[in-house]
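Quick notes on the structure that follows.
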Amino acid sequence: MKKITFFCFFSLLLFSSCSKEDVIEITQITPSQTTALLPIGDSLTLTISCIPASATVPTCTWTSSNTSVATVDNKGKIKAIGRGTATIGIISNTNNVTTQCKVTVTYKGDGSASNPYLIYTVDDLKAIRDSINTKNDVYGNKAYKLMADLDFSKEKTSNWTPIGNTAAATFKGSFDGNGKAINNMHIGSIDEYYYYPDTLRYAGFFGTINGAEIKNISIAWNQIIDGKSSGNYYVGGIAAYGSGTITNCNSSGDMTGADSKYDGRCTVGGIIGYGTITTVITNCHYNSGSVSYIKKCGDPAGYAGGIAGYIIGTISNCYSKGETGYTIKYAGGIVGYSIGAIVNCYSTNAVLPWQPNTLSGGIAGYNVGSIVNCYSVGNISGIYSGGIAGEGSDITNCYASGVIYGFEGSSSSTPPISYTGYAGGIAATIFGNISNCIALNSKVSAVPESLDASAKGYAARICSMFSASASAKNNYAATSVVVKVNDRTNVTVTDFSDTKLHGFNLSAQPVDLLNAYVSANPTFNGISLKRWKVSADVNNGYPVFE
């Protein structure tokens, strides 16, 4: 009996000893990569090897130190979420042996013109913005492309900080919106209207640009309110200040340059606030809202326009459907103050500033250069008010409708300076040439402050005042245009024999006349109409240039 018991115990001990030798203990696990570089949106699956190599690969627990940068599932698949670094922790479920992989997430692309950095999310855009603003020498001149529509509705408690928010961080690269839209953006609030920080000089999607290329982007603003800043400040739906090319872009929403207690220039535009030399804006639109309320700025005053507040360059094939509101001096449906050419543009809404010495125009408040193939159909008011320009050099092949008011006014200075009202169906005053233009306005009126019937301003169907060297040629006006030199006392002009001021009478209905292009390309009383075309289903029935 004792021999049997001893034999069983010895056999069990021997079996137990052999079983322990069969289990190979893991001393180290190693991921297939200890570092990884992933563009945003890409993924990578890690595999595990172990030491000794003959050991069975264990199951592991996977973690990420920063899930906003990279996530990992229970099979080791890493997904790049946002720019930054994250550590992927790996713990074997056998023996708790640990290892890790450091993941760096970059923008997708390399920033070259052929392989731009790609933007998929709001966080991507904000990260790129921060990189441009803080590491401008690295990221300021790169190429970027938007890959999805973005919605900032969840960002309402945080003002947008512009890309290129200072002159030192200016954007010099290219940005392709890829036909995508960015919605519900905002800068400022009604509470900040009077208390906006002095540090914000440039308010827009881009703050400052320098030779940049911006294209194919649509931005809907809830509002931009900027002001109370010493010196000059700038507001723009696409860019606040700078130079470059802006193509196929549009914006909407209210854009406001608020009251400034300091001397300085306030400049507001639906696309760009202030475009410096060589700026070119093409195929851009300001769809709705107002560019307005530059109330009390110092010399040289304020500028507001549906496309640009102030520009040294070219605007072509653009339109504005937004209102240009309260400003101190220069207001235009397309541009407040322009040095350059404005071609093939139109404005459909009102230009209604009200300050002493205001120059208001359906296309430009003030233009040095040329305005060609443009029209305006909104009501215009100011001190110098014109259907196309408040004051301009050369205006060709343009027409205007709507009501034009030239208000007499006086400044708040001591002693006050008085301003006589000037109103013109095409321009209030001209120092170049007006040719081949048509006035279709219902009324053109000067509005003196006095109710005295002898008080008169200046009003004309084409232009109310010419400089000594200015000229007019082949201009026409509808016979229905009412002209008053005192709208308050109903002093009406009935003598239109001065064709320089009033143009020739149209002897056909304006729509029939303009529509003549469709069938015959005629010349009517010296005006070539080949550029005009009217179709009921195009441009809401308004003439377009071809």
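Computed from the coordinates by the stated procedures, all read-outs in this text should not be read as laboratory data. Computed from a prediction, not measured in an experiment: that's the story for all the values here. So basically every Cβ, Gly included, is an ideal-geometry build from the backbone, and we count neighbours across all protein chains shown.
Cut-off is 10 Å between beta-carbons; in what order do Lys79, Lys135 appear when sorted fewest neighbours first?
Listing Lys79, Lys135 from fewest to most nearby Cβ atoms yields Lys135, Lys79.
Applying 1/(1 + (r/R0)^6) with R0 = 30 Å to the Cβ-Cβ distance of Thr85 and Gln28, what FRET efficiency is obtained, to the nearest 0.05?
For R0 = 30 Å, the calculated efficiency reads 0.80.
Pull up the DSSP beta bridges for the range 28-106 and report the antiparallel fraction as a percent, rounded to 5.
The antiparallel proportion sits near 80 percent.
Provide, as a two-decimal number, the C-alpha radius of gyration of the range 28-106 over 2.2 N^0.38 Å, N being how many residues it has.
Compared with the compact-globule rule of thumb, the range 28-106 sits at 1.06.
Tell me, in nm to one decimal, what length is gained between Asn74 and Lys473 on full extension, where the rule is 0.36 nm per residue of separation less the Cα-Cα distance?
Computed gain between Asn74 and Lys473 is 135.6 nm.
How far is it, in nm, from the label point at Asp42 to the one at Val138 when both lie 7 Å from their Cα along the line to the Cβ?
Rounded to a tenth, the inter-label distance reads 1.7 nm.
When only Cα pairs under 8 Å and 6 or more residues apart are kept, what is the percent relative contact order across the range 28-106?
With pairs under 8 Å counted, the relative contact order is 37 percent.
Can you order the peptides 396-403, 329-336, 486-493, 103-110 by their average number of other Cβ atoms within 10 Å per residue, highest first?
Ranking the peptides 396-403, 329-336, 486-493, 103-110 by packing returns 329-336, 396-403, 103-110, 486-493.
Filter Lys215/Lys443; Lys75/Lys102; Lys77/Lys135; Lys154/Lys180; Lys108/Lys180; Lys135/Lys329 down to the pairs with a C-alpha to C-alpha distance above 28 Å, please.
Those over the limit are Lys215/Lys443; Lys77/Lys135; Lys135/Lys329.
For a label point 7 Å from the Cα of Ser507 along Cα→C-beta, name the residues of the range 453-488 whose backbone N is under 18 Å from it.
Counting backbone N atoms under 18 Å from the label point, the list is 474-480.
Taking the number of other C-beta atoms within 10 Å as the exposure measure, put Cys50, Cys374 in order starting with the fewest.
Ordered by Cβ neighbours within 10 Å, fewest first: Cys50, Cys374.
Taking the C-alpha atoms of the range 134-189, how large are the radius of gyration and the largest Cα-Cα span, Dmax, in Å?
12.9, 33
Taking K and R as +1 and D and E as -1, what net charge do the other residues with C-beta under 13 Å from the C-beta of Thr47 add up to?
Counting the neighbours of Thr47, the net charge comes to +2.
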